[in-house]
Amino acid sequence: MDGTIGGDLTARARAHSNIALAKYWGKRDATLNVPAVGSISITLDALHTDTTVSFDTGLADDELWLDGREQPVGKVAVVLDLVRERAGLDLRARVVSENNFPTGAGLASSASGFAALAVAATAAAGIEATPRESSVLARRGSASAARSIFGGYAELHAGSSPDGSDSFAEPLLEGEAWPLSVVVAITDPGPKTVSSTAGMQATSASSPFYRPWVESAPAGLDRMRAAILAHDLETVGELAEHSCLALHSIMLTTRPALIYWNAATVAGIHAVRALRAGGLPVYFTIDAGPQLKALCRPEDAAAVSAALAAIPGVAETRTSTLGPAARVVSKS
Ligand code: 2P0
């Protein structure tokens, strides 16, 4: 490709958000964006990003339009540069991205966003990429995005190679093999005040519990993987809650403290535990934001949603089943 064919290097992709059941927080290599620990996630059908990438001779600089507003390009340029390098392409790109859910609020918009970007940019540049290559590419934008390349259950490996090439996600189990639901309770749709990247940098620099977190991660991943493959909701749920609370323990002991929860988040934790005490198998998880996600069987989702929606401060609930892999939806 010689970069002279403007106008027709356009592709649109859709990728879904994901929620980690075994969490990642902290980098092994900040420049290459390699996570310090592995993680295991589920991809959510109800939350997605649609991204169109157009490489265009008429552009002097890359542009990013997110939910209708122009934004600083940031790490989008890292992903575009890698694609340009592989394709031998010397054209700037316009990236137009839309989320069907609140952006930057702990609902993994960077995961779906960078996964959609990686897939759309590769297709727009006219090059082939295996899912593993797309996963590595998406990871350069946001580590959790490596997991959103896949549907169902996925695992992101921390890897050990200095160039980060063995830090990729791969499918663990198809969603259809073990359908679960997630009820998302949105307690504050506004963007978080401390980004995940800045927050985890502060945690690794200052929490006394960060090292034990990194050291205990492999054993937690082994247990979570086995429980998912055994379709054992009780164990998956117990491990997911523990991983979530361990994550928030290192956040709370960061200096200055990262307190992502609000009152409704805490009320949601108690509501989930009360439902469970009443016999419903439901488990919570919370990311870098105040939203609570409740994991349950599809047949219990309506009862879980009703209980969470009744909490003062819960603005909205959204119920999701497990979602598909990132994919190209159109190309010209
Ligand atoms: C996770 N989170 O495993 C953890 C749990 C939030 C809490 O991955 O710096 O947006 O872009 O790699 O992937 C959010 O962090 O951070 C995240 P970067 P990312 O889902």
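Laboratory data are not the source of any read-out in this text; all were calculated from the coordinates shown. All of these numbers come straight from a predicted model, not from anything done at the bench. Cβ sites come from the backbone with ideal geometry, for glycine too, and all protein chains shown count toward neighbours.
At a glance:
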quantity	calculated
Coordinate range along principal axes, alpha carbons of segment 10-175, Å, largest first	44, 35, 26
Pairwise label distance in nanometres, His270 with Ser216, each label 7 Å out on the Cα-Cβ vector	2.5
Gained length - Ala177 relative to Arg327, 0.36 nm times residue gap less alpha-carbon distance	52.0 nm
Candidates Lys293, Lys23, Lys75, ranked by Gaussian network fluctuation over the chain, Cα under 10 Å, top entry	Lys75
Selection from Phe150, Ala325, Leu245 lying farthest towards where the dipole of the chain points positive, charges on Cβ	Leu245
Hz values of 3J(HN,Hα) by residue in segment 211-227 - Karplus curve (6.51, -1.76, 1.60), Gly and Pro given as x	4, x, 4, 5, 5, 8, 4, x, 5, x, 5, 4, 5, 5, 4, 5, 5
Contour excess over end-to-end distance, with Cα ends at Val73 and Ala310 and 0.36 nm allotted per residue	81.4 nm
Value of [θ]222 nm, deg cm²/dmol, for the chain, DSSP H segments ≥ 4, -39500 (n - 2.57) each, nearest 500	-11500 deg cm²/dmol
Charge context of Gly26, other residues only, Cβ under 13 angstrom, K/R +1, D/E -1	+2
Estimated FRET transfer efficiency when R0 is 25 angstrom, pair Ser195-Asp81 (beta carbons, to 0.05)	0.75
In order through segment 191-207: 3J(HN,Hα) via Karplus (6.51 cos²θ - 1.76 cosθ + 1.60), integer Hz, x for Gly, Pro	x, 5, 8, 10, 5, 4, 4, 5, x, 6, 5, 5, 4, 5, 7, 9, 7
Length released on extending from Ser160 to Glu299, taking residue separation times 0.36 nm less the Cα-Cα span	45.9 nm
Sequence-distant residues sharing a close amide H with Asn18 (under 5 Å, placed H)	Leu44, Ser112
The chain, relative contact order in percent, only Cα pairs under 8 angstrom and at least six apart counted	25
Cα centroid separation - segment 4-64 against segment 251-330, whole Å	24
The chain - Kirkwood radius from inverse mean 1/r over Cα pairs (Å)	19.9
Unit charges on C-beta of K, R, D, E only; dipole of the chain, Debye	640
